[in-house]
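The values are calculated or read from the model by the stated rules, or taken from the named source; none is laboratory data. The shown structure was predicted, so the numbers you read here are calculated from the model rather than taken from an experiment. Cβ sites come from the backbone with ideal geometry, for glycine too, and all protein chains shown count toward neighbours. Surface accessibility is based on the protein's heavy atoms, side chains included, excluding ligands, DNA and RNA. Shrake-Rupley method; radii C 1.70, N 1.55, O 1.52, S 1.80 Å.
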Amino acid sequence: MITKKVNNVQDAIEGIKSGMTIMFGGFGLCGIPENTIAALVNTSISDLTCISNNAGVDDFGLGLLLQKKQVKKMISSYVGENAEFERQMLSGELEVELTPQGTLAERCRAAQAGIPAFFTPAGFGTEVAEGKEVREFNGKMHIMEQAFKAEFAIVKAWKGDEAGNLIFKGTARNFNACMAGAAKITIAEVEELVPVGTLDPNQIHIPGIMVQRIFQGEKFEKRIEQRTVRQRV
């Protein structure tokens, strides 16, 4: 059995260079690869194109890369919750490609499956469709979207084994599942790394063939994006 285990996060991010396109799993602050992002913040890497549902919040997750001006372009479906993201976009400091959320997910999944492009009705008649091929199917207009091309995909899972098999927990499955295997190299950050044969094959969400590097994170804050509590009476 080929082991995908690397010793630490520094070994995991080896080869990531300025100007690359990187996918980041997670939804808001749920299921983000915290340790890997923190490691990238501590490097001099810049001019990144980041594919992610959003950019988290100002002082955590991808927001940290934005603060250090390490991101050249964001391909996302949501701008909210991050004031610095909004500021950089409106000032023209950051290039932003806003994409319908379902289209974003499908462009990841298409890359994962080796499908170069697909047609979707989402965005037809809007700025999203500008410059894209349009066709009619069953009386409805569709635009062609191309699969993403990224050098690295960085995902976070609950459990993984040394062969790269992954299990996600709850809604942390989100974009992590469709991004795994959707880039040339997939890095998996896990809360618990176990020997091969430990995981129940029926519970595995992503097979190890889609993962090239895996490591166990040292700590996970698992912040709550917006805490809402009932007033005590």
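State yes or no: is residue 60 at pLDDT below 95, open to solvent by 10 Å² or more (accessible area, probe 1.4 Å), in contact with a Phe, Trp or Tyr (Cβ under 8 Å, 6 or more places away or on another chain) and not charged (D, E, K, R)? So residue 60 fails the test. Looking across segment 14-48, the residues that are touching a residue at least 60 places away in the same chain (Cβ under 8 Å) and either open to solvent by 20 Å² or more (accessible area, probe 1.4 Å) or closer than 18 Å to residue 94 by Cα (or both) come down to 15, 20, 21, 22, 23, 24, 27, 30, 34, 35.
Scanning segment 59-81 for residues that are part of a loop (DSSP other than H, G, I, E, B) and touching a Leu at 6+ places or on another chain (Cβ under 8 Å) gives 61, 70, 77, 79. Residues of segment 101-124 that are free of Cβ contacts under 8 Å to residues at least 24 places away in the same chain and open to solvent by 70 Å² or more (accessible area, probe 1.4 Å): 124 alone.
Residues being of a type in the set (Ser, Thr, Tyr) and in contact with a Lys or Arg (Cβ under 8 Å, 6 or more places away or on another chain) are represented in segment 91-107 by at least one member.
Count of segment 82-100 residues, restricted to those that are open to solvent by 70 Å² or more (accessible area, probe 1.4 Å) and either in a strand (DSSP E or B) or touching a strand residue (DSSP E or B) at 6+ places or on another chain (Cβ under 9 Å) (or both), is 2.
Inspect segment 190-206 for any residue being over 20 Å from residue 39 (Cβ atoms) and within 18 Å of the chain's Cα centre (by Cα) and give the result as yes or no. Yes, segment 190-206 has at least one match.
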